Amino acid sequence: VHHNWIDTCSKYGINLAVGLVSLNVYNNVFRGCGRNTLRWGGLDSISTTDINITHNTIFQPLSTSAYKTAITRESNVMTLGSIKIQHNIVVLEVGASAGSTDYHDITAGETNCTVSEDLYFDLSGTETTVPAKDTLSAYGNPLFTDYAALNFTVATGSPALGACTAAEAIAVADDYYGV
């Protein structure tokens, strides 16, 4: 699943479920999802699962509902298989506040779920602490070229440029815009 613009959907941006064995999700722009942008459920007992979520731009709308988290797992803690979430830009929309909308709910106990080197930003400036599970993460304004015009390329000086040091889970040659 790559190079998609997923905007203003009533539920999830991508919803992964039981039976999924392998998937690469990269170079997508997600915004305006009515529920969690990325969600999976029931994958905790599938030992062959190999999922890579990388180089996506994710906007999570303000919510105080059960679906307030940009990236979530609605099942038991995943201890089998492998999910790698890395090198994404995760932005909380204006109006989000600590305790309401969250970046993700992946916990330290999920040993088979790696979250690494994502860039987090809260447009309202309220939630400035990056999730503990995300190793080598950063918080900062991604400096989108033209946020109002929906141009989400990053401008010179963005903390997203050249920030990735971990090996890529999958080879990605370009971004959503083909750059």
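The values are calculated or read from the model by the stated rules, or taken from the named source; none is laboratory data. All figures in this text were calculated on a predicted structure; none of them were measured in a lab. Methodologically, a virtual Cβ is constructed for each residue, glycine included, from the backbone with ideal geometry; neighbour enumeration extends over all protein chains shown. Surface areas here come from the heavy atoms of the whole protein model, side chains and all, with no ligands, DNA or RNA. Shrake-Rupley method; radii C 1.70, N 1.55, O 1.52, S 1.80 Å.
Assign unit charges at the C-beta atoms only (+1 for Lys and Arg, -1 for Asp and Glu), then state the dipole size of the chain relative to its Cα centre in Debye, rounded to the nearest 20. Its charge dipole is roughly 340 debye. Semi-axes of the equivalent ellipsoid of the stretch 112-176 are 21, 18, 10 Å, computed as sqrt(5λ) over the eigenvalues of the C-alpha gyration tensor in descending order. Label positions at T126 and L161, each projected 7 Å from the Cα along the C-beta direction, are separated by 3.2 nm.
What is the Cα radius of gyration of the chain over 2.2 N^0.38 Å, N being its residue count?
Details: Rg = 15.0 Å, N = 179, 2.2 N^0.38 = 15.8 Å.
In units of the 2.2 N^0.38 Å rule of thumb, it is 0.95.
Entry comment: accessible area of the chain is 44 Å² per residue, from protein heavy atoms only and a probe of 1.4 Å. For the chain, the relative contact order comes to 18 percent (Cα pairs under 8 Å, sequence separation of at least 6).
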